[in-house]
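Taking it in order: structure first as structure tokens, then the write-up.
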Amino acid sequence: MGATSQRHGPDRLPERPIDEHCWELAPGLYRILLPLPWDVPFVNAYLVRAPGGWVLVDAGVGTPACLRALGWALRAAGVPEAGLAAILLTHRHPDHAGDVVAVRQRWGGTVYVHPAELELDRADPAVLEAWLAFTGMPAEVMEALLRRAERMPLPPDAVPYPFLAPLAEGPGLPVAALPVAGLTFEVVYVPGHSPGHVMLRVAETGWVFTGDHVLPRAGINVWANPAGPADPMGAYLANLEAVARLDAAWGLEAPDEAARAAGAKAPACLARGEGGPGDWREGAAGTEGSAGPGPGPRAAGPVLPGHGLPWCGPMMPHAAALAGWHRRAALALRDRLPDEPGPTAFEIVAARRPDDARQKPHRLRGAVAETLAFLLWLEGEGLAGRRGDGPARWYRLPGRREGGRSRDIPRTSAE
């Protein structure tokens, strides 16, 4: 799930409604707004009309309301039953992949996912138990969470994305080309928000799908995971900073006057189903009635996030806002820590939400994972320490250790 608080002003794109939940952004590109049952009320899925069929990017949550909204949108766009060629998952959080099995059963499509998103399925139960103990979860909450063993099922024949180094680690610009339904989807691995998060770009059109890595709103966007990186926030921040390289490689840096002029006339073009010379739709329209993109120059944008509105222009201002928000939030947490070993991650959250802690403590598991991600980053930066592993009790350190790095979350010999 993505961030929800402060908005920082992207250049909005025109959207032509074709259904209550679906808007056309360009010929062959649709945004589908799906309802969620949480504080974050909606998630975006995207539909691409390709030469070899229809491609869905992300699939929503597994609720009847979400499945109905997705079905209405797909029908309105012209997708027949079993008409999807592929479902590309940016990551496996429940709001993006919670109903992918049901979607595939009705609408078809090969499912693609990063292999790191499968690691939690393979984790030894002892690893999960040790991780929950590390957070300080009460025994009864640990038992309930282990019993529920929440998973988002995937089809057994789901296809892994090509192996890649994380964007921040290089070398160069690690991008893999994935042919899907007659288009080339460029895959970029950006772990942090989830262990196997990817961004996608259609090479022929320049359409960039950021998932929840880059969003037009700043807020909590990283969680610790028993099968994920030892310092998920550190990975997230590093991959946010590396987004500048994608802006440069994908032509998303400050648009020139011609691009601005194209954006100014885009509403009229979209209303007529046209794209004018030089605008961001060129190369995407093809001929009337064609199945997808036609020939044209290498295009740049738009940027299509998992939450919030798409925009034209660079990603880095939004990535920088997210990075700054997370650093400030982590430092504010450090300022509240005692100077001697004190609260567990669970106790820090319970102090903020005492009613939930007393009555429904299982509701705190997401907030505990967020808090733990901050604490592990602070430890790696030499700004916090911990004593013990089951549970870990956290305290403030007076300054920054040079080259400090987070110790691993305790693992078992079975790993």
Practice prompt. Could you list which residues have their amide H under 5 Å from that of Thr63, counting only those 5 or more apart in sequence or on another chain, with H placed in the peptide plane?
Written response: none
Worksheet item: In the neighborhood of Ala168, defined by Cβ-to-Cβ distances under 10 Å, what is the net charge if each Lys or Arg adds +1 and each Asp or Glu adds -1?
Response: -1
Fill in: Alpha carbon centroid spacing (whole Å) that separates segment 101-139 from segment 187-237
17
Item to complete: Could you work out how far apart the two model spin labels at Arg358 and Arg387 are, taking each label as a point 7 Å from the Cα in the direction of the beta carbon, and quote it in nm?
Response: 3.0
Worksheet item: About its Cα centre, how strong a charge dipole does segment 17-159 have in debye, to the nearest 20, once Lys and Arg get +1 and Asp and Glu get -1 at the Cβ?
Response: 460
Worksheet item: To the nearest 10 square angstrom, what accessible area does Trp107 show with a 1.4 Å probe?
Response: 10
Worksheet item: Using the beta-carbon distance between Asp124 and Thr184 and R0 = 45 Å, what value does 1/(1 + (r/R0)^6) give for FRET efficiency, to the nearest 0.05?
Response: 0.70
Worksheet item: When Lys and Arg each count +1 and Asp and Glu each count -1, what net charge do the other residues less than 15 Å away from Ala329, Cβ to Cβ, add up to?
Response: +3
Practice prompt. Would you work out which of Val188, Phe209, Val222 lies farthest towards the positive end of the dipole of segment 142-244, given +1 charges on the beta-carbon of Lys and Arg and -1 on that of Asp and Glu, about the Cα centre?
Written response: Val222
Discussion item. Skipping prolines and chain starts, which residues have an amide H placed within reach, meaning under 5 Å, of the one on Phe42, given they are 5 or more residues away or on another chain?
Written reply: Leu36
Fill in: HN-Hα J in Hz across segment 224-235 - Karplus 6.51, -1.76, 1.60, θ = phi - 60°, x for Gly and Pro
6, 9, x, 10, x, x, 5, 10, x, 5, x, 5
Worksheet entry | Environment charge of Phe374, counting only residues whose C-beta is closer than 14 Å and scoring Lys/Arg +1, Asp/Glu -1 | +2
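More than 19 Å apart: what percent of Cα pairs in segment 65-180 qualify?
Values: 4017 of 6670 pairs.
Summing the P(r) tail past 19 Å for segment 65-180 gives 60 percent.
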Item to complete: Name the shape class, rounded, prolate or oblate, that the alpha-carbon gyration tensor gives for segment 99-255, where a ≥ b ≥ c are the square roots of its eigenvalues, rounded holds for a/c under 1.5, and otherwise prolate holds if a/b is larger than b/c and oblate otherwise.
Response: oblate
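The values are calculated or read from the model by the stated rules, or taken from the named source; none is laboratory data. Here the structure is a predicted model, which is why all the values come from computation and not from measurement. Neighbour counts run over all protein chains shown; Cβ positions are idealised from the backbone, glycine included. With ligands, DNA and RNA removed, areas are computed over all heavy atoms of the protein, side chains included. Shrake-Rupley method; radii C 1.70, N 1.55, O 1.52, S 1.80 Å.
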